[in-house]
């Protein structure tokens, strides 16, 4: 299995008990959709290796205890700590027509309701406090908060991501590079008056 044909479901957090169980975190909106998994792919040395699941027991939102078929000792389980868990893209739940997964809109043109076409989607950052979309705007990287009020819908046929940027967001990226430049411009304006 190629990593480009998969999405990251989550990762293994730590071991659990002494018989090879691990605690996994599923970094998805609806972890309960994945409670009946029979197998997953674990990333090891840059390759995806299939691991078959004996048992999967949810313990709290997003966390579960997994017992893999061929992992029988705490030492084998310890070797899996911090390992990324992947599933094939075709196992992603279906979305409504105008919804999207992040990986689907990379390269899409960003179209704002007020300003029209602006740039293209480069990637997404999944930070602990917030998710951000990275957009190429005026030959620079622009960071846009991932919020339902801002990222409205994807038009997959036209390869466009429709957005509604809050007032002032674009101006942040078109202002002078440093505060000193802005002060110099204000001084010039005052002298002319």
**Asked** Taking Cα atoms, how many degrees apart are the long axis of helix 179-192 and the longest axis of the chain, rounded to 10 and kept between 0 and 90?
**Response** 10 degrees
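Over the chain, what lengths in whole Å, largest first, do the semi-axes of the equivalent ellipsoid take, defined as the square roots of 5 times the eigenvalues of the alpha-carbon gyration tensor?
44, 20, 14
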**Fill in**
Rounded to the nearest 0.05, FRET efficiency between residue 146 and residue 76 (Cβ-Cβ, R0 35 Å) equals 0.40
**Item:** Helix-only mean residue ellipticity at 222 nm for the chain, each DSSP H run of n ≥ 4 adding -39500 (n - 2.57), per residue, nearest 500
**Value:** -3000 deg cm²/dmol
**Request:** Mind checking the full-extension length gain between residue 174 and residue 113? Use 0.36 nm per residue of separation minus the Cα-Cα distance, one decimal, nm.
**Result:** 20.1 nm
**Fill in**
In a Gaussian network model of the chain with springs linking alpha carbons closer than 10 Å, the residue among 59, 23, 110 that fluctuates most is 59
**Request:** Whole Å is fine, so just give me how far the alpha carbon centre of the range 110-139 lies from that of the range 1-74.
**Result:** 31 Å
**Net lengthening on full extension, residue 123/residue 59 (0.36 nm per residue, minus Cα-Cα)** = 19.8 nm
**Request:** Using DSSP, restrict attention to beta bridges with both residues in the chain and report what percent are antiparallel, rounded to the nearest 5.
**Result:** 95 percent
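Given R₀ = 30 Å, what would the calculated FRET efficiency be for residue 38 paired with residue 97, taking r from the Cβ atoms and rounding to 0.05?
On the way: r = 30 Å, r/R0 = 0.99.
So, using R0 = 30 Å, E works out to roughly 0.50.
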**Message:** Taking every alpha carbon pair in the range 102-177, what does the distance histogram look like in 5 angstrom bins from 0, in percent?
**Reply:** 3, 16, 29, 29, 16, 6, 1, 0
**Prompt:** Could you list log10 I(q)/I(0) for the range 19-84 at q = 0.15, 0.18, 0.20 Å⁻¹, which the Debye formula gives when each Cα is one point scatterer?
**Reply:** -0.44, -0.64, -0.80
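The numbers here are math on the coordinates, done by the rules we state, and not lab data. These figures come from a predicted structure and were not determined experimentally. Counting neighbours? That spans all protein chains shown, and the Cβs are built from the backbone with ideal geometry, glycine included.
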